[in-house]
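Take a look at the structure below.
The values are calculated or read from the model by the stated rules, or taken from the named source; none is laboratory data. Everything numeric in this text was worked out from a predicted model, so none of it was measured. Methodologically, a virtual Cβ is constructed for each residue, glycine included, from the backbone with ideal geometry; neighbour enumeration extends over all protein chains shown. Only protein heavy atoms, including side chains, enter the accessible area calculation; ligands, DNA and RNA are left aside. Shrake-Rupley method; radii C 1.70, N 1.55, O 1.52, S 1.80 Å.
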Amino acid sequence: MAGTRTPLALTFDNLGEATELERGTWPAGRPLGRHPTVTEVLPRLLDLLDARGLRATFFVEAINARLYPDALRELAARGHEVGHHGWRHETWSGLDPDAEAAILARGLDAFAALGLRVAGFRPPGGDLNPGTPGRLARAGLSWCSPAGGAPGVRDGVAVLPFRWPLVDAYHVMDRFAALRARHGDPRAPLDAGALRARLTAELERHAAAGRPGCLVLHPFVGADPAHLEAQAAVLDALAGLPLDVRPGGEIAVALRRGL
Ligand SMILES: [Zn+2]
């Protein structure tokens, strides 16, 4: 029965070299616009989603509208939602209000230049600032997806949070070792088999809890073939659980209506 299914937003974060550019780890002189997460991983992911009849939200850094306009148009053409994830993945927590407003506007302009209407925002790093929801609303965005907290509506913007244990990168990246330790999870990264088992167990927990939330996968995690296989297995597991899987924007509409 549809009413007993727990809403789950299927989301993917990050694309291309944007984060490496922001962190200064992109080698000087290496050409832009041919990153393997776009040229190799994304087509595989889109085929995996098509084969399962799944639609997702792709939170991409808006610089990708310049670097990969065809890839973003294809996301939309294949039924997926494009969301705003900063310009180059600027760590959102602690940004001053003018910087927030400027990044939001610059990104929305770049998306609009491709004819993409973007309604959702996920803060790079996961944390909003106190004024962020109001600024999102003034920029014309209608929902956001930060780390933690309860689903609901803040300053006119639907909030559809994610939990770290439902993020693939949280379990496999060295940079999240300290965060894992704070959550009582092992400091050591999981291998692909353990990643698949853990995400599937967390999805079962999510379905049983009954509150809307998000699964967060990353194309860069899928750059490792074993991890891509784990992502595919997790997508397979969705069909066997009492979940209503949609792009986040569709769940956000229901949240705003108070459902
Ligand atoms: Zn991110």
Inset, instruction - First measure r as the distance between the Cβ atoms of A105 and D155, then evaluate 1/(1 + (r/R0)^6) with R0 = 22 Å and state the FRET efficiency to the nearest 0.05. - result: 0.80
Inset, instruction - Take every Cα-Cα pair in the range 146-189 and report what % of them are more than 15 Å apart. - result: 48
Inset, instruction - Go through the range 163-240 and name the chymotrypsin sites (Phe, Trp or Tyr not before Pro) that are in a DSSP coil and have 10 or fewer other Cβ atoms within 10 Å of their Cβ. - result: none
Inset, instruction - Find how much the distance from T39 to A208 grows on full extension, using 0.36 nm per residue of separation minus their present alpha carbon separation; answer in nm with one decimal. - result: 57.1 nm
Inset, instruction - Round to a whole angstrom and tell me the spacing of the C-alpha centers of the range 119-160 and the range 10-32. - result: 24
Legend entry - Residue among T57, T11, T132 with the largest mean-square fluctuation in a Gaussian network model of the chain, springs linking Cα atoms under 10 Å: T132
Inset, instruction - Among the chymotrypsin sites (Phe, Trp or Tyr not before Pro) in the range 55-111, which ones are in a DSSP loop with at most 15 other Cβ atoms within 10 Å of the Cβ? Mind listing them? - result: none
Legend entry - Charged-residue dipole, Cβ positions (Lys, Arg, Asp, Glu), the chain about Cα centre, Debye nearest 20: 540
Legend entry - Protein accessible area in the chain, 1.4 Å probe - carbon and sulfur %: 51
Legend entry - Relative pair counts by distance (%), Cα atoms of the chain, 10 Å bins: 7, 32, 39, 20, 2, 0
Legend entry - Accessible area in square angstrom per residue, the chain, 1.4 angstrom probe: 44
Inset, instruction - Mind telling me which of G79, G115, G148 comes out most flexible in a GNM of the chain, alpha-carbon contacts under 10 Å? - result: G115
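Under the 0.36 nm per residue contour assumption, what length would be gained going from the current alpha-carbon distance of D96 and H183 to full extension?
That works out to 28.5 nm of additional length.
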Inset, instruction - Can you bin the range 127-259 into rounded, prolate or oblate? Criterion: square roots of the alpha carbon gyration tensor eigenvalues sorted a ≥ b ≥ c, rounded for a/c under 1.5, prolate for a/b above b/c, oblate for the rest. - result: prolate
Inset, instruction - Mind listing the long-range amide H neighbours of G152? Cut-off is under 5 Å, sequence gap 5 or more, other chains count too, H placed in the peptide plane at 1.01 Å from N. - result: V159
Legend entry - Average Cα contact separation per residue, the chain, under 8 Å, 6 or more apart, as relative contact order %: 27
Legend entry - 222 nm mean residue ellipticity, helices alone, for the chain (DSSP H n ≥ 4; -39,500 (n - 2.57); rounded to 500): -12000 deg cm²/dmol
Legend entry - For the chain, share of DSSP beta bridges that run antiparallel, in % to the nearest 5: 10
Inset, instruction - Just subtract the alpha-carbon distance of V253 and L32 from 0.36 nm times their residue separation and send over the number in nm, one decimal. - result: 76.0 nm
Legend entry - Simple spin-label estimate for D127 and L241 in nanometres, 7 Å along Cα-Cβ: 2.7
